[in-house]
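Step one of this worksheet: look at the structure below.
The values are calculated or read from the model by the stated rules, or taken from the named source; none is laboratory data. Just so we're clear, the structure is a prediction, and the values are computed from it rather than from any experiment. Note that we place each Cβ from the backbone using ideal geometry, even for glycine, and neighbour counts take in every protein chain shown. Side chains are part of the model used for accessible areas, which takes the heavy atoms of the whole protein and leaves out ligands, DNA and RNA. Shrake-Rupley method; radii C 1.70, N 1.55, O 1.52, S 1.80 Å.
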Amino acid sequence: MSRSIADQTVEELGGPGSVFSRQRDDHAQLDRLLHELDGATGTDQERVLRRIDRLVFSHAFAEETVLWPVIRRVLPDGDALTRQVEEEHQEVNELVSELETLPRDDPRRAAALSRLVEVLREDVRDEEDVLFPRLQEALDADALRRLGRQWQLARLVSPTRPHPTVSRRPPGNALSGLPLTVLDRTRDLVDAGVQHAPTRIAPAGQALSRGLATVAGWVERVPPARRGDDGQSTSR
C-alpha cells in the first residue's frame, strides 16, 4: 500500500524542489495557522483568517491548474480522485465567502469557522494520503521536480481570495486567473495600507477595496470562467 507523503523523507519525495515537498511545506504552514486561529477572536481572528486565505487560495489554484490535469492524464481514476478534492476546494471558497459577510457576533459564524477548519484538514489528508501517493507511483523524481517548479510559479501568480463561482478546472479557472490575481493582490495591498493609514484616509482605502471586490465579482461571473474541461461548472 502506498505511503502517505507525510511519512516520507524529503529524499523519498524527490528532493526539496519536488512538488510533494513544496506541498507538504505549505500544509505544515497551514497547520501552524490553524493552531493560531484556535482561540483567536475579534481583529486577531480576522488577521489569521486573511493569512490562511492568502496561503490556501493561491495553493489550491496552482493545484487545480497544474497538478490535477496531470493526475487526470496519468491515472485511470484521476477524474474521480480530483473531483473529490475540487469539491473540498469549492466548499472552502463558499465558507470563506460566507465568513466575509457575517458580523463577528453572528451565531452562524462559529459553525462556519468550525466547518472551514474541518474541510481544510480533510483536504490535506486526502491529498497527502491518497492523491499524492498515487501520483508518486506514476511519475519519477525528475518529473516531480518539474511539476514543483511549475506549481510554484503558478502559486506566485494566483488569486488570494475566494471565488466560488469560478470553475475549479481549466479552462475556466485559467481564463479568469490573471485578472482575479491582479485584483486580489492589489486589494491585499490596499487592505494592508488601510490598517496603518490615518483615520481620515482609511475610508477611501476601504471604498477602493470594495470597488476591487465588485470588479472581481464581475470577472468570476463571466460565463467562460464558470466552465471546466468537462463542460460542467464545479460551483454548486
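If you check Thr160, Thr199, Thr186 for being open to solvent by 20 Å² or more (accessible area, probe 1.4 Å) and either part of a loop (DSSP other than H, G, I, E, B) or of a type in the set (D, E, K, R) (or both), only one passes: Thr199. The set of residues in the range 126-151 being of a type in the set (D, E, K, R) and open to solvent by less than 50 Å² (accessible area, probe 1.4 Å) consists of Asp126, Glu127, Glu128. For the range 98-125, the set of residues classified as over 21 Å from Gln23 (Cβ atoms), open to solvent by less than 30 Å² (accessible area, probe 1.4 Å) and not aliphatic (A, V, I, L, M) consists of Asp106, Arg109, listed by residue number.
When the test is whether a residue is closer than 27 Å to Leu81 by Cα and aliphatic (A, V, I, L, M), Leu180 passes it. What is the number of the single condition among (1) assigned to a loop (DSSP other than H, G, I, E, B); (2) out of contact with any strand residue (DSSP E or B) (no Cβ under 6 Å at 6 or more places or on another chain) that Pro133 does not meet? Of the numbered conditions (1) assigned to a loop (DSSP other than H, G, I, E, B); (2) out of contact with any strand residue (DSSP E or B) (no Cβ under 6 Å at 6 or more places or on another chain), the odd one out for Pro133 is (1). The criterion of at least 2 residues that are open to solvent by 70 Å² or more (accessible area, probe 1.4 Å) and at pLDDT 95 or above is met by the following helices (runs of 4 or more DSSP H) wholly inside the range 1-79: 19-37, 42-62.
Among the residues making up the range 163-183, those that are in contact with a strand residue (DSSP E or B) (Cβ under 8 Å, 6 or more places away or on another chain) and part of a loop (DSSP other than H, G, I, E, B) are Ser167, Arg168, Arg169, Pro170.
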